[in-house]
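Undergrad: Take this structure first; my questions come after.
The values are calculated or read from the model by the stated rules, or taken from the named source; none is laboratory data. Since we're looking at a predicted model, the values are computed, not measured. Heads up, the Cβs are rebuilt from the backbone with ideal geometry, glycines too, and the neighbour counts pull from every protein chain shown. With ligands, DNA and RNA removed, areas are computed over all heavy atoms of the protein, side chains included. Shrake-Rupley method; radii C 1.70, N 1.55, O 1.52, S 1.80 Å.
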Amino acid sequence: MNFSFLSEYYVYFIEGAKNTILLAAFTVLLGVMLGIILALMKISRNPILKVISTSYIEFIRGTPLLVQIYIVFFGLPYIGIHIPDVPFLGQDFPRFMAGVIALSLNSGAYVAEIIRAGIQAIDKGQMEAARSLGMSHYMAMRYIILPQAIRNILPALGNEFVVIIKESSIVSVIGISELMFSADTVKGVTFQPFEPLIVVAVIYFVLTFTISRLLGVAERRMRAGD
Amino acid sequence: MIKVTGLDKKFGKLHVLNGIDIDIKKGEVVVVIGPSGSGKSTFLRCLNLLEHPTGGEIVFEGVSITSKHNDINKQRQKMGMVFQQFNLFPHMTVLQNITLAPRKLKKVSEEEANKIALDLLERVGLADKAKSYPGQLSGGQKQRIAIVRALAMSPDVMLFDEPTSALDPEMVGEVLDVMKKLAADGMTMVVVTHEMGFAREVGTRVLFMDGGKIAEEGIPSEIFANPKNPRTKEFLGKVL
Ligand SMILES: Nc1ncnc2c1ncn2[C@@H]1O[C@H](COP(=O)(O)OP(=O)(O)O)[C@@H](O)[C@H]1O
Ligand SMILES: [Mg+2]
């Protein structure tokens with residue numbers, strides 16, 4: 001194996017890693033917002049909201065991410081939505097945003113399930129006790145259910161961040177210059193099909209491993225606060 | 001204080017309560033006994049609308065709480081409930097458990113709420129646990145805290161659903177003692193329990209439920225010494 005190309009092309013990998021992290025961070029942010037809305041819709045007593053949310057979640061979970069990404073990337077312009085090209089951290093902004101949107105639409109469905117499961121894991125006696133004291137449903141959620149549910153949800157959300165870092169590799173197909181894309185680029189210019197992949201695999205691993213460890217520490221801190 | 005007429009409850013096809021009529025007066029201690037599955041919990045939970053009756057009416061302090069237009073949250077502040085599984089809020093200290101509802105619902109100041117809570121904790125012998133979390137307490141202590149939490153709203157009636165059934169035997173006494181004191185102070189109580197000693201000692205009336213109906217009712221001395229319904233006889237024969 002020959003890694004001598006690194007001295008010349010390492011900036012591609014650094015740029016790629018930076019973009020992968022950016023992509024994942026924005027996706028988690030939007031995905032969590034979407035996930036909260038979907039989860040609230042799903043546990044609401046309004047049957048229409050429930051059906052919309054459930055159908056959406058099932059559709060996303062039942063179709064490949066790759067297909068969803070193509071649908072968003074080609075579908076947005078097709079239905080007349082053009083993302084304006086604003087200067088943003090040296091990105092091809094429309095492309096980058098299409099990737100973020102596609103990944104968030106996907107992640108939101110999984111996040112919604114994480115949140116719903118976190119809320120429904122709380123013993124129903126908690127809601128009953130709160131209501132029996134005279135609290136409204138809203139107050140019981142706010143003071144009793146959600147504070148407990150968040151302890152279940154946060155670690156799972158951290159894990160979702162790790163999942164997105166890995167899955168974001170797939171948006172290289174629409175030309176976003178993230179980590180996987182940088183491997184392809186370097187492969188192309190060096191005619192070395194193998195070694196660049198080893199480099200990005202190591203970088204992905206370092207990223208996810210570091211984040212998992214940090215999350216583990218944060219989680220232990222949180223539990224210790226009980 | 002609580003007037004129940006024709007109370008009916010179905011879970012789907014399952015007919016759990018089948019025409020319950022009862023008038024509970026201020027200061028009464030009504031003890032509800034009966035075999036498992038006879039509808040005791042459902043009856044109790046209908047009284048504060050944790051279960052929604054499918055028929056009949058419940059009037060609490062002159063207000064029909066089963067009426068569509070009623071806002072139940074107001075009446076629930078006057079009806080304390082104690083559960084078999086305690087249902088303390090595990091993410092809050094004992095003091096927070098007790099003061100949350102008075103502060104948020106009755107807008108009692110923090111100092112005032114704390115004072116009320118500590119007085120009540122004193123009365124159940126747990127003043128030293130104010131800063132503890134529920135996870136650090138024994139079952140008997142949890143249940144006494146749960147009673148205090150309900151009392152902190154100064155309710156007019158207290159509902160108990162098998163408050164000692166989840167406890168180790170050596171802790172049953174401490175919880176029953178608190179309940180006895182409460183009864184002696186004149187609290188109106190409805191108590192679902194298998195503690196026949198408690199029923200006999202502090203009950204002013206005993207309801208024997210069977211198959212979703214009140215099969216027999218009367219003062220404890222009568223029911224225990226001289227049950228009229230053969231089902232009551234059979235049940236008491238098993239538990240006494
Ligand atoms: N939420 C519910 N859904 C369906 N069936 C229920 C529900 N709650 C209670 N039941 C049924 O109603 C019957 C009476 O239950 P319950 O009131 O808990 O009896 P008890 O407290 O006397 O043991 C039982 O057959 C029980 O399975
Ligand atoms: Mg029961």
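Undergrad: Give me the pairs: first residue in segment B:29-47 and in a loop (DSSP other than H, G, I, E, B), second residue aromatic (Phe, Trp, Tyr) and within 9 Å of ligand 2 (Cβ to nearest atom), beta-carbon distance under 9 Å, and six or more apart or on different chains, which are they?
TA: none
Undergrad: Shifting gears a bit: Please identify the pairs in which a residue from segment A:41-57 that is under 15 Å from A:GLY108 (Cα atoms) has its Cβ atom under 8 Å from the Cβ atom of a residue that is open to solvent by less than 90 Å² (accessible area, probe 1.4 Å) and of a type in the set (S, T, N, Q), counting only partners at least 6 apart or on another chain.
TA: Partner pairs satisfying both residue conditions: A:MET41/A:SER53; A:LYS42/A:SER53; A:LYS42/A:THR54.
Undergrad: Moving to a separate point now. Kindly indicate the residue of segment B:92-121 that is touching a residue at least 24 places away in the same chain (Cβ under 8 Å) and facing chain A (nearest Cβ under 8 Å) and also farthest from ligand 2 (Cβ to nearest atom) among those meeting that condition. Spell out the reasoning first.
TA: Initially, segment B:92-121 is screened for residues touching a residue at least 24 places away in the same chain (Cβ under 8 Å), giving B:92-95, B:97-99, B:101-102, B:105-106, B:113, B:116-117, B:120-121.
Next cut, facing chain A (nearest Cβ under 8 Å) only: B:101, B:105.
On the way: B:ALA101: 24, B:LEU105: 27 Å.
Out of the qualifying residues, it is B:LEU105.
Undergrad: Another question, if that's okay. Scanning for something closer than 30 Å to A:THR190 by Cα, within 20 Å of the chain's Cα centre (by Cα) and crowded, with 20+ Cβ neighbours inside 10 Å, does segment A:24-44 turn up at least one residue?
TA: Taking every residue of segment A:24-44 in turn, at least one turns out to be closer than 30 Å to A:THR190 by Cα, within 20 Å of the chain's Cα centre (by Cα) and crowded, with 20+ Cβ neighbours inside 10 Å.
Undergrad: Further question on the same structure: Go through segment B:66-90 and count every residue that is within 16 Å of ligand 1 (Cβ to nearest atom), part of a loop (DSSP other than H, G, I, E, B) and more than 8 Å from chain A (Cβ to nearest Cβ).
TA: Final tally of qualifying residues: 1.
Undergrad: Residues of segment B:47-73 being at pLDDT below 95 and among the charged types (D, E, K, R), which ones?
TA: Hits for segment B:47-73 are B:LYS68, B:ASP71.
Undergrad: Additional query: Listed residues B:ILE2, B:ILE20, B:ILE24, B:ILE58; which is more than 14 Å from every other protein chain (Cβ to nearest Cβ), open to solvent by less than 60 Å² (accessible area, probe 1.4 Å), of a type in the set (A, V, I, L, M, F, W, C) and within 16 Å of ligand 2 (Cβ to nearest atom)?
TA: B:ILE20
Undergrad: Hey, does segment B:204-224 have a residue that's within 16 Å of ligand 1 (Cβ to nearest atom), acidic (Asp, Glu) and without any contact (Cβ under 8 Å) to a residue 24 or more places away in the chain?
TA: Taking every residue of segment B:204-224 in turn, at least one turns out to be within 16 Å of ligand 1 (Cβ to nearest atom), acidic (Asp, Glu) and without any contact (Cβ under 8 Å) to a residue 24 or more places away in the chain.
Undergrad: While we're on this one: Name the single residue that is nearest to B:THR42 (Cα to Cα) among those in segment B:132-179 being within 16 Å of ligand 1 (Cβ to nearest atom) and not polar (S, T, N, Q). Spell out how you get there, then give the answer.
TA: Of the residues in segment B:132-179, the ones within 16 Å of ligand 1 (Cβ to nearest atom) are B:159-166.
Imposing the further condition that a residue be not polar (S, T, N, Q) reduces the set to B:159-163, B:166.
Numbers: B:LEU159: 12, B:PHE160: 12, B:ASP161: 10, B:GLU162: 12, B:PRO163: 15, B:ALA166: 18 Å.
Result: B:ASP161.
Undergrad: Next question. Inside segment A:88-126, can you point out the residues that are within 14 Å of chain B (Cβ to nearest Cβ) and open to solvent by 40 Å² or more (accessible area, probe 1.4 Å)?
TA: A:ALA121, A:ASP123, A:LYS124
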